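Structure, as structure tokens:
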Amino acid sequence: MIFATLRWMENYVDIRFPCSEEDMDTALSSIHAKDVTPYLLSIHRPDALKVLEDRFINLDELNYLAKRLDSFDMTELSQFYAATKHEGYTDMKNLINLTFNLSRYTVIQ
């Protein structure tokens, strides 16, 4: 689950991903955003995704990433977070692609 704060102009809203289209529309309406690319002010959880902060972001992509991460077990999440840090990924495309390529990484605990 991803907890984030979005900003549009001077308006802020906290939102949890994954979420339904209705929840996303409600959040966007509350900050008067006209499209699905508001400014991602901060990610409260998980810390590994803080690399996405302080930029405009497509919420549909973030929602898809959150759905992928929610389907992972603890081992896969560990692989994802370790690979994210090791590879230095900072964009949504690479993070989503990584969710399909975790077999390339081994985490020894």
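Numbers below:
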{"quantity": "Mean separation of Cα contacts under 8 Å, 6 or more apart, over the residue count of the range 26-109: relative contact order %", "calculated": "24"}
{"quantity": "The chain, dipole about Cα centre (Lys/Arg Cβ +1, Asp/Glu Cβ -1), debye to the nearest 20", "calculated": "360"}
{"quantity": "The chain: DSSP helices with Cα axial extent of at least 18 Å and average Kyte-Doolittle hydropathy no lower than -1.0", "calculated": "74-87"}
{"quantity": "Reported label for calculated Cα extents along the principal axes in Å given [x] 50, 35, 28; [y] 45, 23, 20; [z] 38, 29, 26", "calculated": "[y]"}
{"quantity": "Residue order for M9, M24, M1 - accessible surface, 1.4 angstrom probe, largest first", "calculated": "M9, M1, M24"}
{"quantity": "Signed unit charges on C-beta, dipole axis of the chain, positive-most listed residue F3, V107, N58", "calculated": "V107"}
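The values are calculated or read from the model by the stated rules, or taken from the named source; none is laboratory data. Since this is a predicted model, take the numbers as computed values, not measurements. Heads up, the Cβs are rebuilt from the backbone with ideal geometry, glycines too, and the neighbour counts pull from every protein chain shown. We work out accessible area using only protein heavy atoms, side chains counted, and drop any ligands, DNA or RNA first. Shrake-Rupley method; radii C 1.70, N 1.55, O 1.52, S 1.80 Å.
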